[in-house]
Amino acid sequence: MSLTATAIATLLSGYKNEILKKLNDIKDEVDYLIDNGLKQYVVNLSDKYGRTKTFLYRDTPVDFYDIYYPLSVKNERTILDVDDINKLFSKGDFITILGNAGSGKSMLVKHIFLSCLKRGSTIPIVIEWRSLNSFVGTIEEYVKNIIFDNKLSKNEKICERILECGSFLFLFDGFDELSCSDKDGRIVELNKFIDKYYLNQFLITSRPGAQAESLLRFENYFVQALNMKQIKEFIHLQLELVGDMDLE
């Protein structure tokens with residue numbers, strides 16, 4: 001997914017309008033957020049997730065959606081195709097996506113991130129649980145560090161106001177990679193963070209059996225394996241792309 005200058009401008013306008021509905025009393029700070037840090041954040045992260053390498057394309061990154069095959073997830077009641085994140089969050093703002101190694105969880109996180117950018121009303125923030133293993137501080141401090149590092153806010157007070165307004169989707173990726181010795185403490189921190197900023201949306205990915213499925217408030221969805229028809233379609237998609245690259 002390659003965002004043009006026009007697409008980025010439209011996207012940022014959508015973010016600004018949504019945030020200003022809730023924080024019009026700090027309009028100057030919101031303008032700074034959108035026109036400075038957020039623009040660079042969108043460009044950097046869309047570049048990072050918009051192109052990817054795979055075992056077939058180890059040397060040259062390809063467009064993410066050239067190799068992405070739509071996946072579905074299932075809870076106790078229904079199966080959802082993760083093509084529209086509005087549909088995914090239609091029943092609640094707290095979701096856990098569970099799947100074994102190689103099931104496509106990381107691909108789903110990238111797809112949800114890029115879809116969130118395209119929607120233009122919610123700011124996606126990715127937190128990799130493994131990064132917290134070496135971080136001395138709370139989850140809230142870690143998230144604020146991300147926002148400050150990307151210049152999304154000029155100071156902590158404004159940062160908290162923006163977090164409280166409910167304009168973020170937090171993608172906590174790889175809960176199973178969290179250190180066992182830190183897990184109980186991090187779960188307490190996560191619950192405190194959600195209690196404080198509950199108007200936002202939250203999604204956690206994990207392998208089964210790592211305690212993520214027991215987290216309070218979260219609806220569990222399981223990544224569905226591709227059936228034979230889908231596997232053939234996926235292989236055909238990859239072979240078509242390889243052929244196109246060979247022609248080039």
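The values are calculated or read from the model by the stated rules, or taken from the named source; none is laboratory data. Predicted, not measured: the structure shown is a model, and the values here were computed from it. For neighbour counting, all protein chains shown are included, and Cβ atoms are generated from backbone atoms with ideal geometry for every residue, glycine included. Note: areas computed on protein heavy atoms with side chains; ligands, DNA, RNA excluded. Shrake-Rupley method; radii C 1.70, N 1.55, O 1.52, S 1.80 Å.
Stretching SER181 away from ASN133 to a fully extended chain increases their span by 16.3 nm, per 0.36 nm per residue minus the current alpha-carbon distance. For PHE222, nonlocal amide neighbours, meaning residues 5 or more places apart or on other chains whose placed amide H falls under 5 Å from its own, are LYS74, ASN75, LEU98. With the simple spin-label model, which puts each label point 7 Å out from Cα in the Cβ direction, the ASP63 to GLN40 separation comes to 2.8 nm. Taking 0.36 nm per residue of separation and subtracting the Cα-Cα distance, full extension of the segment from SER106 to THR6 would add 33.2 nm. Amide H contacts under 5 Å for GLU128: ASP173, restricted to partners 5 or more places along the chain or on a different chain, H placed in the peptide plane at 1.01 Å from N. Per-residue Karplus couplings for region 62-73, computed as 6.51 cos²θ - 1.76 cosθ + 1.60 with θ equal to phi - 60°, are listed in order as 10, 4, 3, 7, 6, 10, 7, 10, x, 10, 10, 10 Hz, Gly and Pro entered as x. For the chain, adding -39500 (n - 2.57) for each run of n ≥ 4 DSSP H residues and dividing by the number of residues yields -15000 deg cm²/dmol at 222 nm. Between GLN230 and SER13, the simple spin-label model (points 7 angstrom out along Cα→Cβ) gives 3.7 nm. Return the carbon/sulfur percentage of the accessible area of the chain, one whole number, probe 1.4 Å, all protein chains in place. With neighbouring chains kept in place, the figure for the chain is 50 percent. Largest first, the residues HIS236, HIS111 sort by 1.4 Å accessible area into HIS236, HIS111. Computed extension length for ARG207-ASP47: 54.9 nm, one decimal, from 0.36 nm per residue of separation with the Cα-Cα distance subtracted.
Surface exposure of region 74-168, expressed per residue as accessible area with a 1.4 Å probe, stands at 46 Å². 3J(HN,Hα) along region 208-218, derived from phi through the Karplus expression 6.51 cos²θ - 1.76 cosθ + 1.60 where θ = phi - 60°, amounts to x, x, 9, 5, 4, 5, 9, 5, 5, 6, 8 Hz, with x in place of Gly and Pro. (i) 16.3; (ii) 13.6; (iii) 14.4: which one is mean projected area of the Cα convex hull in nm² as calculated from this entry? For mean projected area of the Cα convex hull in nm², the calculated option is (iii). Phi-derived couplings, Karplus 6.51 cos²θ - 1.76 cosθ + 1.60 at θ = phi - 60°, listed residue by residue for region 77-82: 10, 8, 10, 10, 7, 8 Hz, with x used for Gly and Pro. Counting only Cβ charges, +1 for Lys and Arg and -1 for Asp and Glu, the dipole size of the chain around its Cα centre is about 360 debye.
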